[in-house]
1. For segment 105-137, enumerate the residues that are under 13 Å from residue 60 (Cα atoms) and surrounded by 14 or more Cβ atoms within 10 Å (Cβ to Cβ).
2. Go through segment 91-110 and give me each residue that's more than 13 Å from residue 64 (Cβ to Cβ) and touching a helix residue (DSSP H, G or I) at 6+ places or on another chain (Cβ under 9 Å).
3. Which one of these does residue 83 not meet: (1) at positive phi; (2) modelled with pLDDT of 90 or more?
4. Among all residue pairs at least 6 apart or on different chains, which show Cβ distances below 6 Å where the first residue, located in segment 50-78, is farther than 18 Å from residue 7 by Cα and the second is modelled with pLDDT of 90 or more and outside any loop (DSSP other than H, G, I, E, B)?
C-alpha cells in the first residue's frame, strides 16, 4: 500500500500569507489546498447537519481570524459542532490583532494560535510536532481530481 502525501487546508484572504504558507508546505511535500474564504468547507452546506466526510479531509487546517463571511474561530467552532474529523490539535488560528481573552479562548479550545507576524521558528516547531501524529497510511476524505 502506497503512502499518501500529507494534506493541509489554508484559509486566508491575504494572498501574501496564502502564498508564503503554500510555498512552505509545498517544500515539505504536502498536498496544499488554499482558499481566500472559508466557503469550501462542507459546513457551508446548510442541508448538512454534520460533516459529509467519513474520513478527515486534511491533516492540518490553518485559518486566519479575520475572514470574509465569518471569522476563523467561527469556522473552527462550526467544524467542531458538525463533527469535523480533523484532529483539533492539528488546527491553528492566525491573527494580527486578536485580544488576549480571545487568544486564551482559542488555546483553551485546543487550537494553536499564531499572532501575525508570527515567529516562523515557532510555526515550524508546531508543524513538525503535529507531523509526528499524522498517519499517512490512512486515506483522506476528499480525493482531488
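1. 111, 112, 123, 126, 127, 130, 131, 134, 136 - these are the residues of segment 105-137 that are under 13 Å from residue 60 (Cα atoms) and surrounded by 14 or more Cβ atoms within 10 Å (Cβ to Cβ).
2. 102, 105, 109, 110
3. (2)
4. 65/72; 65/93; 65/95; 72/63; 72/64; 72/93; 75/63
Every residue, every condition in (1) buried (at least 21 other Cβ atoms within 10 Å of the Cβ); (2) modelled with pLDDT of 90 or more, yes or no:
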site: 35; (1), (2): no, no
site: 43; (1), (2): yes, no
site: 48; (1), (2): no, no
site: 87; (1), (2): no, yes
site: 103; (1), (2): no, yes
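The values are calculated or read from the model by the stated rules, or taken from the named source; none is laboratory data. Bear in mind that the values here come from a model prediction, so they are computed numbers and not experimental data. Heads up, the Cβs are rebuilt from the backbone with ideal geometry, glycines too, and the neighbour counts pull from every protein chain shown.
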